[in-house]
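Trainee: So that we are looking at the same thing, I have put the structure below in structure tokens.
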Amino acid sequence: MDPMILEDQFHRYLCPTSARPIGLQVDHARGSYIYTKDKRKYLDFISGISVASIGHTHPAVVKAICQQAERYLHVMVYGEYIQEPQVNLAAKLCSLLPDSLSSVYFTNSGTEAVEGALKLSKKFTGRKRLIGFENSYHGDSHGSLSVTGRDIYRKPFYPLLPNVSFLPFNVTKSLMKIDQTVAAVITEPIQGEGGMIIPSKLFLQALRARCQKVGALLILDEAQTGLGRTGKRFAFEHFKIVPDILVLAKSLGGGMPLGAFIGSPAVMKRLSTNPPLSHVTTFGGHPVSCAAGLASLNIVLKKNLVQRAKKMGDTLRNALIGLAHQYPVIREARGFGLMIGLEFYDPEPCMQFVQKAREHGLLLGWTLHTNRVVRIAPPFTLSSQELKEGLAIMRRVLGSL
Ligand code: PMP
């Protein structure tokens with residue numbers, strides 16, 4: 001289709017989510033690059049927001065998708081028939097997790113996994129209260145939005161879930177407010193949309209201990225941080241804690257839609273009784289998504305990409321810390337592995353930086369809750385050459401601000 005007509009029809013037929021969408025006309029994507037219809041190529045330092053961990057359109061993932069598509073697509077709602085791709089992916093995930101996290105419920109997305117985890121917590125504990133953290137993000141359906149810690153996104157949709165309270169993130173003394181009435185506390189180990197906010201190990205350990213003490217379930221939402229992005233398989237390993245329920249999404253499907261919440265069999269089985277079928281999904285754990293997810297995870301493991309995310313992340317972060325010293329508009333570069341935030345003092349240069357980098361062929365992202373932090377989350381497969389190319393563009397742009 002003619003690019004002008006395509007753009008026109010995009011604006012005419014697709015519901016807008018922002019006033020000025022980025023509007024790249026994607027032709028194809030490979031590895032660390034997205035190629036557009038106007039024959040430009042963009043180095044992707046956001047990976048479709050932490051999805052394309054092994055790069056775009058990896059041949060192993062494409063092959064797995066094609067093979068599974070030829071065998072069968074959707075055959076039955078989740079949980080009834082035995083579908084090999086689901087079993088294989090669940091078994092692989094559990095082999096990487098602590099023993100207590102050994103029962104997997106697959107969903108279509110992150111928000112749906114959070115919904116399942118919240119419902120399960122209420123059913124398992126028989127309690128009504130939920131606690132989230134200020135500045136958090138857990139998704140955009142009613143339940144997950146109810147525990148997302150940002151008023152401007154919640155208020156237009158009131159009434160949301162009742163009995164939800166928020167605590168300040170990384171403030172250990174406030175954890176005493178978690179008591180025996182609480183079904184679950186949900187948190188990201190590192191707040192992504194909040195602007196790559198890294199809590200102290202002490203805080204997360206105190207949270208773990210407090211939940212244990214009062215019998216509340218701890219839900220860790222690793223939609224962004226999970227599966228290697230932070231330089232460990234799961235971000236909770238940095239903090240030496242184990243959640244009661246783990247939420248995964250984003251890169252889990254290797255570029256296909258897939259989420260999961262994972263807990264102990266004792267907790268998870270509560271969805272199957274009294275009444276049975278208390279949480280069902282038609283497409284959750286779609287066989288093609290699971291096949292793609294397993295192919296992607298196998299590449300991550302076989303090629304030691306978690307270690308690579310750490311190594312490349314350290315190199316990139318150190319270079320960005322250097323830029324922060326050189327350019328006074330930057331306040332700080334922080335992160336774990338390839339989940340990095342570059343914080344500016346002011347929103348205007350931050351926005352210009354992202355915009356101009358794009359004009360120079362480098363895709364950087366914003367984060368939802370702050371207009372001063374640039375998200376940097378390239379694929380783990382990023383080559384040294386690509387890393388240098390990205391940094392060179394950033395330097396050029398910073399010099400021109
Ligand atoms: N939790 C976290 C921590 C997320 O970052 C996101 C997506 N940004 C979600 C949940 C929601 O995932 P999805 O968009 O797949 O519903």
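The values are calculated or read from the model by the stated rules, or taken from the named source; none is laboratory data. Note that the structure is a prediction, hence the values are computed from the model and not measured. Please note: Cβ atoms are built from the backbone with ideal geometry, for glycine as well, and neighbour counts cover all protein chains shown.
Trainee: In this structure, does Y158 turn out to be free of Cβ contacts under 8 Å to residues at least 12 places away in the same chain and not assigned by TED's automatic domain parsing to the domain that holds H369?
Mentor: yes
Trainee: Before we move on, is T187 among the β-branched types (V, I, T), buried (at least 24 other Cβ atoms within 10 Å of the Cβ) and within 17 Å of A377 (Cα to Cα)?
Mentor: It is false that T187 is among the β-branched types (V, I, T), buried (at least 24 other Cβ atoms within 10 Å of the Cβ) and within 17 Å of A377 (Cα to Cα).
Trainee: Among (1) of a type outside the set (A, V, I, L, M, F, W, C); (2) outside any loop (DSSP other than H, G, I, E, B); (3) within 13 Å of the ligand (Cβ to nearest atom), there is one condition K155 misses while meeting the rest; what is its number?
Mentor: Only one criterion in (1) of a type outside the set (A, V, I, L, M, F, W, C); (2) outside any loop (DSSP other than H, G, I, E, B); (3) within 13 Å of the ligand (Cβ to nearest atom) is unmet by K155, namely (3).
Trainee: Continuing with this model, one more query. Where residues in the range 93-142 are more than 21 Å from N274 (Cα to Cα) and charged (D, E, K, R), which of them is farthest from the ligand (Cβ to nearest atom)?
Mentor: Among those that are more than 21 Å from N274 (Cα to Cα) and charged (D, E, K, R), it is D99.
Trainee: Still on this model: Return the residues of the range 91-127 that are in a helix (DSSP H, G or I), among the hydroxyl-bearing types (S, T, Y) and buried (at least 19 other Cβ atoms within 10 Å of the Cβ); say none if nothing qualifies.
Mentor: T111, S121, T125
Trainee: Looking at the range 18-72, which of its residues are closer than 20 Å to G365 by Cα, aromatic (F, W, Y) and over 21 Å from the mean Cα position of the chain (by Cα)?
Mentor: Y35, Y42
Trainee: Could you check, for the range 222-234, whether at least one of its residues is assigned to a strand (DSSP E or B), within 13 Å of the ligand (Cβ to nearest atom), among the acidic types (D, E) and touching a residue at least 24 places away in the same chain (Cβ under 8 Å)?
Mentor: The answer is no; no qualifying residue exists.
Trainee: (1) polar (S, T, N, Q); (2) within 24 Å of the chain's Cα centre (by Cα); (3) in a loop (DSSP other than H, G, I, E, B): which one isn't true of Q180, the others all being true?
Mentor: Looking at each condition in turn, Q180 falls short on (2).
Trainee: Could you grab me the full set of residues in the range 250-272 that are among the hydrophobic types (A, V, I, L, M, F, W, C) and not in a loop (DSSP other than H, G, I, E, B)?
Mentor: Residues of the range 250-272 among the hydrophobic types (A, V, I, L, M, F, W, C): 252, 256, 258, 260-262, 266-268, 271.
Passing the criteria: L252, M256, A260, F261, I262, A266, V267, M268, L271.
Trainee: Another question about this same structure. Can you spot a residue in the range 11-32 that is within 16 Å of the ligand (Cβ to nearest atom), in a loop (DSSP other than H, G, I, E, B) and touching a helix residue (DSSP H, G or I) at 6+ places or on another chain (Cβ under 6 Å)? Let's see the steps before the verdict.
Mentor: Residues of the range 11-32 that are within 16 Å of the ligand (Cβ to nearest atom), as a first pass: 15, 17-18.
From the residues that got through so far, the ones that are in a loop (DSSP other than H, G, I, E, B) too are 15, 17-18.
Adding the requirement that they be touching a helix residue (DSSP H, G or I) at 6+ places or on another chain (Cβ under 6 Å) leaves none.
No, the range 11-32 has no match at all.
Trainee: Next question. Can you pull out every residue in the range 334-356 that is in a loop (DSSP other than H, G, I, E, B) and surrounded by 22 or more Cβ atoms within 10 Å (Cβ to Cβ)?
Mentor: G337, L338
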